[in-house]
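The values are calculated or read from the model by the stated rules, or taken from the named source; none is laboratory data. Predicted model only: the values in this text are computed from it and were never measured. Because the Cβ atoms are built from the backbone with ideal geometry, glycine has one as well, and the counts that use them run over all protein chains shown. Calculation scope for accessible area: heavy atoms of the full protein, side chains included, ligands and nucleic acids excluded. Shrake-Rupley method; radii C 1.70, N 1.55, O 1.52, S 1.80 Å.
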Amino acid sequence: EPEVTQTPSHQVTQMGQEVILRCVPISNHLYFYWYRQILGQKVEFLVSFYNNEISEKSEIFDDQFSVERPDGSNFTLKIRSTKLEDSAMYFCASRAGLEGNEKLFFGSGTQLSVL
Amino acid sequence: AQTVTQSQPEMSVQEAETVTLSCTYDTSESDYYLFWYKQPPSRQMILVIRQEAYKQQNATENRFSVNFQKAAKSFSLKISDSQLGDAAMYFCAYRRGETSGSRLTFGEGTQLTVNP
């Protein structure tokens, strides 16, 4: 089965530093997402991306966050100035198309630790 | 806004027995989709089963089946013949049906323990 690839698997950073989390979605997919999960809590939607622009974002996705698809294969999440509360597992996901039950493929996640 | 509620933070089952995980949701939409995801200790999100709201027939995937009660806005997951590998966190999720790639809204999760 095709896979969504995320790198790195673990990222440790100092508070206030910028981090970039990287994802390679499945090659023919059109819709891309970032979700996060604080340890012990539910998975929360951050942002969705289609046709090179954000299609939806949550209240969590403030000005400190940005997404980019710089080269047609990678899909990145940037946090400009990390805070302690940004520590979480960040999941990238992709879907092929618009069918409502279209399977959403998740990556294995990047565990971000902000010290 | 749509909400998903899982009222059982933890459940346990004996190997080979059957267990049912509960999920309720709230929406004003008529077109939507419901999902159960499994998250083992590796924290990978694995799709277990999905249900289209317009279908009356309950979805089934091998040992996994759902009881979808649309009027009651209930979507429970039944695991039959439980195996040790079923031990994981299970999340119920909702997606609005529409023409753009809408978000998944997750419940709080149920931690399932399978006892040998």
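Observations on the model:
- Per the listing A:Glu56, A:Glu102, the residue uniquely part of a strand (DSSP E or B), open to solvent by 10 Å² or more (accessible area, probe 1.4 Å) and more than 25 Å from A:Gly16 (Cβ to Cβ) is A:Glu56.
- Within the range A:59-84, if we keep just the residues that are within 11 Å of the chain's Cα centre (by Cα) and open to solvent by 50 Å² or more (accessible area, probe 1.4 Å), the residue that is farthest from the other protein chains (Cβ to nearest Cβ) turns out to be A:Lys78.
- Filter result for A:Ser27 (over 25 Å from B:Pro41 (Cα atoms), open to solvent by less than 20 Å² (accessible area, probe 1.4 Å) and modelled with pLDDT under 95): no
- The range A:1-24, subset outside any strand (DSSP E or B) and within 14 Å of chain B (Cβ to nearest Cβ), residue surrounded by the fewest Cβ atoms within 10 Å (Cβ to Cβ): A:Glu1
- Matching residues in the range B:86-116 - criterion: being touching a residue at least 12 places away in the same chain (Cβ under 8 Å) and open to solvent by 10 Å² or more (accessible area, probe 1.4 Å): B:Ala87, B:Met89, B:Arg96, B:Gly97, B:Glu98, B:Thr105, B:Glu108, B:Gln111, B:Thr113, B:Val114, B:Asn115, B:Pro116
- Matching residues in the range B:23-38 - criterion: being more than 15 Å from B:Asn58 (Cβ to Cβ), hydroxyl-bearing (Ser, Thr, Tyr) and open to solvent by less than 60 Å² (accessible area, probe 1.4 Å): B:Tyr25, B:Thr27, B:Tyr32, B:Tyr37
- Test: residue in the range B:92-112 that is away from chain A (no Cβ under 14 Å) and in a strand (DSSP E or B): yes
- Selected residue (criterion: least open to solvent (accessible area, probe 1.4 Å)) from residues of the range B:42-82 that are away from chain A (no Cβ under 14 Å) and more than 22 Å from B:Ser7 (Cα to Cα): B:Arg63
- Taking the criterion of being among the basic types (Lys, Arg) and either over 19 Å from B:Phe106 (Cα atoms) or not in a strand (DSSP E or B) (or both), the residues of the range B:34-69 that qualify are B:Arg43, B:Lys55, B:Arg63.
- Inside the range A:61-86, residues that are of a type in the set (Val, Ile, Thr) and either touching a helix residue (DSSP H, G or I) at 6+ places or on another chain (Cβ under 7 Å) or at pLDDT below 95 (or both) make up a count of 1.
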